[in-house]
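The values are calculated or read from the model by the stated rules, or taken from the named source; none is laboratory data. Keep in mind that what you see is a predicted model, and the values were worked out from it rather than measured. Methodologically, a virtual Cβ is constructed for each residue, glycine included, from the backbone with ideal geometry; neighbour enumeration extends over all protein chains shown. The accessibility values were calculated without ligands, DNA or RNA, using every heavy atom of the protein model including side chains. Shrake-Rupley method; radii C 1.70, N 1.55, O 1.52, S 1.80 Å.
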Amino acid sequence: QVQLVESGGGLVQAGDSLKLDCVFAGRTFTNYFMGWFRQAPGKEREFVAAISWSGRRTNYADSVKGRFTASRDNAKNTVYLQMNSLKPEDTAVYYCATGQRGVTSTVNDYEYWGQGTQVTVSS
């Protein structure tokens, strides 16, 4: 069983930056691709970013491309989401997820999920 624990969320102003962390435990970290998703109130969960086991391949939603960067430190079993130039529409609960189907944007391709961390961007 895999456990994922996110941290780093908070309340920021538009234009600010924030970095989310997600610690992975329970299996071999480098066997898994990692993804970030978000869900705003009243909306479906949507893909944000994904990163391969090596970190060399990434995939981003168009809405965050050029502003968000996913990375991972395999020595620390941790994946990160650096979020720059935040906008009010980035407000959501952010979830870390993991699977073995590649840097996919499909929710159902991810087997394990964290509990989420709230990010609120004020205008």
Regarding residue 92, is this residue among the aliphatic types (A, V, I, L, M) and touching a Pro at 6+ places or on another chain (Cβ under 9 Å)? yes
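Matching residues to (1) more than 17 Å from residue 12 (Cβ to Cβ); (2) of a type in the set (Val, Ile, Thr):
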position	(1), (2)
30	yes, yes
45	yes, no
52	yes, no
60	yes, no
82	no, no
97	yes, no
112	yes, no
119	no, yes
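Within segment 1-77, considering only strands (runs of 3 or more DSSP E) that don't extend past its boundaries, which have at least 2 residues that are touching a Lys or Arg at 6+ places or on another chain (Cβ under 6 Å)?
Working: elements: 3-7, 10-13, 18-25, 33-39, 46-51, 58-60, 68-73.
Per the criteria, 33-39, 46-51.
Which members of segment 62-92 meet the condition of being among the aliphatic types (A, V, I, L, M), closer than 28 Å to residue 28 by Cβ and surrounded by 19 or more Cβ atoms within 10 Å (Cβ to Cβ)?
Of the residues in segment 62-92, the ones among the aliphatic types (A, V, I, L, M) are 64, 70, 75, 79, 81, 83, 86, 92.
Among the residues that remain, those that are also closer than 28 Å to residue 28 by Cβ are: 70, 75, 79, 81, 83.
Selection gives 70, 79, 81, 83.
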Quick check: anything in segment 89-97 modelled with pLDDT of 95 or more, in contact with a strand residue (DSSP E or B) (Cβ under 6 Å, 6 or more places away or on another chain) and of a type in the set (Asp, Glu)? yes
Only residues in segment 76-91 that are under 16 Å from residue 34 (Cβ atoms) count as the first member; pair them with residues that are assigned to a helix (DSSP H, G or I) and open to solvent by less than 60 Å² (accessible area, probe 1.4 Å), Cβ under 6 angstrom, at least 6 apart or cross-chain, and list the lot. 77/29
Can you name every residue in segment 108-123 that is part of a helix (DSSP H, G or I) and either open to solvent by less than 50 Å² (accessible area, probe 1.4 Å) or in contact with a strand residue (DSSP E or B) (Cβ under 6 Å, 6 or more places away or on another chain) (or both)? 109
Quick count over segment 16-53, residues being within 15 Å of residue 115 (Cα to Cα), of a type in the set (Val, Ile, Thr) and exposed (fewer than 15 other Cβ atoms within 10 Å of the Cβ), is 0
